[in-house]
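Structure first, then comments.
The values are calculated or read from the model by the stated rules, or taken from the named source; none is laboratory data. Given the structure is predicted, the values throughout are model-derived calculations rather than measurements. Glycine also receives a Cβ, built like all others from the backbone with ideal geometry; neighbour counts cover every protein chain displayed.
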Amino acid sequence: MKKIDVITIDGPSASGKGSLAKKISSQFDLDILDSGALYRLYAYFTDLKLDNDEIKQKISEEIKFELKNMNIEIIYKSKNISNDIRTEDIAKLASKLSSKEEVRQTLFSTQRNFYSSKGLVADGRDMGTVVFKDARLKIFLTASTKVRAKRRYLELQNRGQEVNMPDLIADIEKRDFNDSSRHLSPLFPADDAHVVDSSNMSAEEVFLHVKKLIEKEYY
C-alpha cells in the first residue's frame, strides 16, 4: 500500500461531502478537514462583530475539531458549537463571505495546516482546485438540486429547525450560481477529478464506489 497523502472531496452544497469524508477518515484512519465549517466559523465570529485578525486568531488557536461517533464536533471555550454554526442564517452569511479575497486568504493557510504525516481527507468547494491541487486523488461529488434540498431538509429537521422545502431549493440554486460564477476559486471539478453523481445512490453506495477508487490509487 502506498501512503495516502490528501484525498479531496469537492462539490456543491448538500451533495454528501461531509458524510463521505467522515467515512473515509474512519475507514483509512486519516485526519479530516471540513472546510465549510471553517467558513461557517468565520461567519459565526463575524456575526459576533469580531474583525478579521481576531477571527483568524480564534480559529487557529481556540477552536478544536473532534471526530466522535462519525460526527465532527467543533469546540470553542469548552462548548460544542457545532449546531450554532450550522443554522441556515450562518450558512448564508458564510456563502457570502466566501467570495471575499480577505476571507479566503485568511483561511487558506489554516486549511493547509490540517495536513499532517497521518494523511488527510478534505472536503469543500476548492480543495482539489486550489488548496490541495497537488492531491493524488480528487473526488467531485454532486447530485440534483431536488435531491440535495431533500437531504438538507431532513438534516435541519433532525436538528429541530423549521424548514421550508421551496425556500431550500431556491437557496441551493442561488448558492450553486454564486459558487460557480464567483471570481475567486469558483466551484468546478478539477481536470483530474473523479466526478460522482450521487442523485440515485445511497451514502453507503457512494462510499463503496469511492473506496474502490482509493484502493485502486493507493493499493
Cβ pairs under 6 Å, 6+ apart or interchain, first in the range 90-105 and at pLDDT 90 or above, second part of a helix (DSSP H, G or I) and small (Gly, Ala, Ser), ordered by first then second residue, are ILE90/ALA43; LEU93/ALA43; ALA94/ALA43; LEU97/ALA43
Picked from the range 105-130 (must be crowded, with 24+ Cβ neighbours inside 10 Å and in contact with a Lys or Arg (Cβ under 6 Å, 6 or more places away or on another chain)), the residue farthest from LYS17 (Cα to Cα) is GLY128
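Out of LEU20, LEU50, which single residue is of a type outside the set (D, E, K, R), within 26 Å of GLU155 (Cβ to Cβ) and modelled with pLDDT of 90 or more?
Details: LEU50 fails: within 26 Å of GLU155 (Cβ to Cβ).
After applying the criteria, what remains is LEU20.
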(request) Evaluate the range 73-80: report whether one residue or more is within 16 Å of the chain's Cα centre (by Cα), surrounded by fewer than 18 Cβ atoms within 10 Å (Cβ to Cβ) and part of a loop (DSSP other than H, G, I, E, B). (result) no
Apart from one, (1) closer than 30 Å to TYR218 by Cα; (2) more than 17 Å from the chain's Cα centre (by Cα) all hold for ILE55; the odd one out is (1)
Of the candidates VAL103, VAL163, the one satisfying the condition of being in a loop (DSSP other than H, G, I, E, B) and in contact with a Leu (Cβ under 7 Å, 6 or more places away or on another chain) is VAL163
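Kindly indicate which of THR8, THR46 is under 18 Å from VAL131 (Cβ atoms) and polar (S, T, N, Q). Before the answer, list the steps.
Numbers: THR46 fails: under 18 Å from VAL131 (Cβ atoms).
Result: THR8 is the single residue among THR8, THR46 that is under 18 Å from VAL131 (Cβ atoms) and polar (S, T, N, Q).
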Requested in this report: Restrict the check to the range 107-125 and report whether at least one residue is free of Cβ contacts under 8 Å to residues at least 12 places away in the same chain, closer than 25 Å to ILE7 by Cα and assigned to a helix (DSSP H, G or I).
Outcome: yes
